[in-house]
Amino acid sequence: MQAYRKRAKRGFSLVELLAVVLVLAVLAAVAIPLYISQRKSAAARSCKANIAAIAAAESAWALREGAYTTTIADLVGAQEGLAKTPTCPLDGDAYTLATDADGNLTISCGNAADHAASLGAAADYSMTLTKPGKDTLP
């Protein structure tokens, strides 16, 4: 009689491999949308911070010059200005600076609707600064 030897089982079966792939697919299906959502909300928060930084630099500029500038390049490297030109973190577009007839300045992001979809309202991605007043001190 021949002795039958039991062979050691090597490797994984097809069912085991399919189970692992299924678990990984479920994890990816949950994690990827959450990751994308977090990136968009982080970009929206960063955009708000950029608008606030531009507004602060514009206010300091207006204090020294007496009026707002509509060119961000004027603020870059100025004493009270910005270290570099801020851009929207969502796609790298520049912010819009516009003055009205009264001398008020509006700073806005072109991606306000996209930001509002993930965080806040579209109006949160625009800021209006009133015309600087005259200095009445002697």
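What follows draws every value from the coordinates through simple rules; no lab data is involved. Keep in mind that this is a model prediction, so the values were computed, not measured. Every residue, glycine among them, receives a Cβ derived from its backbone with ideal geometry; neighbour counts consider all protein chains shown.
Backbone geometry of the range 73-80 corresponds, through the Karplus equation with coefficients 6.51, -1.76 and 1.60 at θ = phi - 60°, to 3J(HN,Hα) couplings of 4, 5, 7, 6, x, 6, 4, 9 Hz, x marking Gly and Pro. Report note on the peptides 83-95, 31-43: ranked by the mean count of other C-beta atoms within 10 Å, highest first, their order is 83-95, 31-43.
Against the chain, whose longest principal axis is taken from its Cα atoms, helix 14-65 shows a tilt of about 10°. Calculated mean residue ellipticity at 222 nm for the chain: -16000 deg cm²/dmol, from DSSP H runs with n ≥ 4 weighted as -39500 (n - 2.57), summed, divided by the residue count and rounded to 500. The charge dipole of the range 16-129, taken about its Cα centre with unit charges on the Cβ of Lys, Arg, Asp and Glu (plus for the first two, minus for the last two), comes to roughly 340 debye. Candidates Thr96, Ala112, Ala19 compared by Cα position along the dipole of the chain: farthest toward the positive end lies Ala19, with charges placed on Cβ.
Shape analysis of the range 58-102 based on the Cα gyration tensor places the equivalent ellipsoid semi-axes at 20, 15, 6 Å, largest first.
Phi-derived couplings, Karplus 6.51 cos²θ - 1.76 cosθ + 1.60 at θ = phi - 60°, listed residue by residue for the range 115-128: 5, 5, 5, 10, 7, x, 10, 4, 5, 5, 10, 8, 9, 10 Hz, with x used for Gly and Pro. Just checking the listed ones, Ala116, Ala56, Ala19: in the Gaussian network model of the chain with Cα springs under 10 Å, the one fluctuating most is Ala19. Each peptide in 106-113, 67-74 receives the mean, over its residues, of other Cβ atoms within 10 Å, and ordering these scores from highest gives 106-113, 67-74.
Each semi-axis of the equivalent ellipsoid for the chain is √(5λ) with λ an eigenvalue of the Cα gyration tensor; in descending order they amount to 60, 15, 10 Å.
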